[in-house]
1. Run the numbers for residue 67 and residue 39: contour at 0.36 nm per residue of separation, minus the present Cα-Cα distance, in nm.
2. Determine, for each peptide in 66-75, 30-39, the mean count of other beta carbons within 10 angstrom over its residues, then list the peptides with the highest first.
3. For the chain, take the longest principal axis of its alpha carbons; what is the angle in degrees between that and the long axis of helix 52-65, to the nearest 10 within 0 to 90?
4. Just to be sure I understand the model, the point goes 7 Å from the Cα along the line to the Cβ. What's the resulting residue 32 to residue 77 distance in nm?
5. Which values of log₁₀ I(q)/I(0), to two decimal places, follow from the Debye formula for region 7-55 at q = 0.18, 0.23, 0.32 Å⁻¹ with a uniform point scatterer at every Cα?
């Protein structure tokens with residue numbers, strides 16, 4: 001799992017299980033210093049990875065490409 005901080009938000013690489021097996025790569029966004037659940041953004045649409053580690057590695061690569069997070073918590077590429 002990789003983590004990056006942006007103004008007002010933190011973004012973390014993640015994976016989301018897919019019904020029927022496998023995982024999709026995702027980036028979880030949460031406001032800095034705030035409680036509550038993060039918001040998950042699936043990345044690499046259509047790609048399903050067999051294992052959680054592979055999905056997290058793909059999400060980590062996408063996290064490095066991320067330019068920022070908008071005031072509304074949306075990913076900025």
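Readers should treat all values here as calculations from the given coordinates under stated rules, not as data from a laboratory. Note that this is a predicted model, so its numbers are computed, not measured. No Cβ is skipped: glycine too gets one built from the backbone with ideal geometry, and neighbour counts run over all protein chains shown.
1. Value of the extension gain: 8.3 nm.
2. In descending order of packing, they fall as 66-75, 30-39.
3. The angle comes out at about 40 degrees.
4. 2.5
5. Here the Debye-derived log intensity ratios amount to -0.56, -0.77, -1.14.
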